[in-house]
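S.K.: Got a structure for you, written out below as structure tokens; questions coming shortly.
Every read-out reported here was derived from the displayed coordinates using simple, explicitly stated rules and does not represent laboratory data. Bear in mind the structure is a predicted one, so any value in this text is a computation, not a measurement. Cβ placement follows ideal geometry from the backbone for every residue including glycine, while neighbour counts extend to all protein chains displayed.
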Amino acid sequence: MTPGWTIAGVRVRFSLLFPAMLTLLCSMQSGRLTAWCLLAAVMHECGHLVALCCIRNKPREIHFSAFGMCLLLNDMPMRTRQQIAVALGGPAVNLVTAGVLYAFAGGSDLCGIHLLLGLINLLPIWPLDGGQCLPQGKISTVVSVCFLCAISGLGILLAIWGNVSLAAVCAYLWFRTLTRP
């Protein structure tokens, strides 16, 4: 982990793997597509930030890692409705942006990226946003594992056809789900 900065009382940290992953993505895809994906991810996290600001809360830390950006919340207690609003703030931004882009630009790459990012994050798999809306406990874990099994099957099929991106995301989600505190 590299040293971070504090901006408006929020710690911002970058993992050493974050620039490595960006470099890998840029070498595998066109720079334009990678930039659109990064923009969609930043907008997603801004949706969470806006939702936090609406309930007069702010994150303790924003962490940039190889698997994206993560908001680490402070210890201020939130009601269940507030937690759900914060979790859904990111996907809401992506889905609204996809709708606006579709209305004005048709089915562009950026529209598809926002739609895909919003829908994937709504899946009821912990630690995704949809999974964070589930009540904690065994039911949440069972639902996560069931959905993750289905998505992993699709990831394996895509890997056989040469696209390993979904399989890599599934491996990460399996790790996070099975090591959940």
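S.K.: Classify the range 30-181 as rounded, prolate or oblate, taking a ≥ b ≥ c as the square roots of the eigenvalues of its Cα gyration tensor: rounded when a/c is under 1.5, otherwise prolate if a/b is larger than b/c and oblate if not.
M.R.: oblate
S.K.: Once phi is turned into ³J(HN,Hα) by the Karplus curve 6.51 cos²θ - 1.76 cosθ + 1.60 with θ = phi - 60°, what whole-Hz value does each residue of the range 133-141 show in order, with x for glycine and proline?
M.R.: 7, 7, x, 5, x, 5, 4, 4, 5
S.K.: Going 7 Å from the Cα of Cys149 along its beta-carbon direction, which residues of the range 95-139 have the amide nitrogen within less than 19 Å of the resulting point?
M.R.: Correct set: 123-127, 131, 137-139.
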